[in-house]
Amino acid sequence: MKRIYGALLVIVTVLLCLCGCGKKSTIQPITDGFTAQATIRYKEMDVAGQFSCSADGRVNMVFSLPKSLDGVTLGWNGSEMQMRLGGMTITVSEDSMPDGGLIRCLTRVLAAVEPTGGKKEGEHYIIDGDVGGTAYTLVCDAASGFPLSLSVPDEQLEVTFSEVTML
C-alpha cells in the first residue's frame with residue numbers, strides 16, 4: 001500500500017512540475033493609461049516633456065524643451081487639438097488639422113499597436129507593425145510592458161520614454 005501511495009505521489013509531483021513547462025509568459029505592452037517623460041525627435045525638431053495617454057484615447061504633451069515651448073500643453077481628444085499656455089487655450093477641429101503632426105502620429109500609432117505581434121529579445125519586447133501604410137517599431141520593457149521607445153521612420157519620428165508610470 002505504501003508503494004502505491006509513494007508511486008502516486010511521484011506521478012502527481014511530476015505532473016504538477018510538467019504543468020509549468022510550455023507556458024509562455026504573457027507580455028502585455030502598455031500603450032494607453034500611462035504617463036512618461038518623452039524625448040522626441042520629429043522631423044528636424046527636438047522636443048521633450050511630460051507625455052500622457054489616457055485609456056480613453058486623450059493625449060497630452062506638456063513641453064519642457066525647447067525653451068520656446070516650455071509650459072505649452074498640446075492635447076488631442078480624438079476630435080480636437082488644443083494648445084494651452086497659462087490661461088489661454090486655442091482649439092482646432094479635426095478637419096482643420098493636417099494629416100501629420102506629432103501628437104496625431106503618436107496617437108494613431110499607439111492606438112493601432114497589435115500586442116500579440118511582438119517578440120521578446122532579452123529585456124525588451126519589440127513590436128513591429130503598420131498603421132495606414134506607415135511602419136512603426138515599439139520597444140517595451142518585457143517585465144513591465146512599459147513603452148521604452150517608438151520609431152516611425154516614414155514620419156521621421158523617434159521617441160524615447162522614461163520614468164513611465166500608470167495613470
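The values are calculated or read from the model by the stated rules, or taken from the named source; none is laboratory data. Small disclaimer: the values here were computed from a predicted structure and weren't measured. Positions of Cβ are generated from backbone atoms using ideal geometry, with glycine treated the same way; all protein chains shown enter the neighbour counts. These area figures cover heavy atoms from the full protein model, side chains too; ligands, DNA and RNA do not enter into them. Shrake-Rupley method; radii C 1.70, N 1.55, O 1.52, S 1.80 Å.
When the solvent-accessible surface of protein heavy atoms is calculated with a 1.4 angstrom probe, in what order do Glu114, Glu80, Glu121 fall, highest first?
Final ranking, largest accessible area leading: Glu114, Glu121, Glu80.
Roughly speaking, what is the stretch gain from Glu44 to Ala135, that is 0.36 nm per residue apart minus the C-alpha to C-alpha distance, in nm to one decimal?
30.8 nm
For a quick protection proxy, order the peptides 58-65, 160-167 by their average other-Cβ count within 10 Å, most packed first.
Averaged packing, sorted descending, gives the order 58-65, 160-167.
Where does the stretch 22-167 land on Rg/Rh, using Cα atoms and the Kirkwood Rh?
0.98
Thr91: accessible area at probe 1.4 Å, nearest 10 Å²?
Surface accessible to solvent at Thr91 totals approximately 70 Å².
From largest accessible area down, sort Arg41, Arg84, Arg104; use a 1.4 Å probe on the protein chains.
Solvent-accessible surface, decreasing: Arg41, Arg84, Arg104.
Rounded to the nearest 10 Å², what accessible area does Glu158 have for a 1.4 Å probe in the complete protein model?
90
Just subtract the alpha-carbon distance of Ala143 and Gln28 from 0.36 nm times their residue separation and send over the number in nm, one decimal.
That pair, Ala143 and Gln28, stretches by 40.5 nm at full extension.
Thr73 versus Asp128, label points 7 Å from Cα toward the beta carbon: distance in nm?
Those two pseudo-labels are separated by 3.9 nm.
Within the set of other residues whose C-beta is less than 14 Å from the C-beta of Met166, count the net charge using Lys and Arg as +1 and Asp and Glu as -1.
-3
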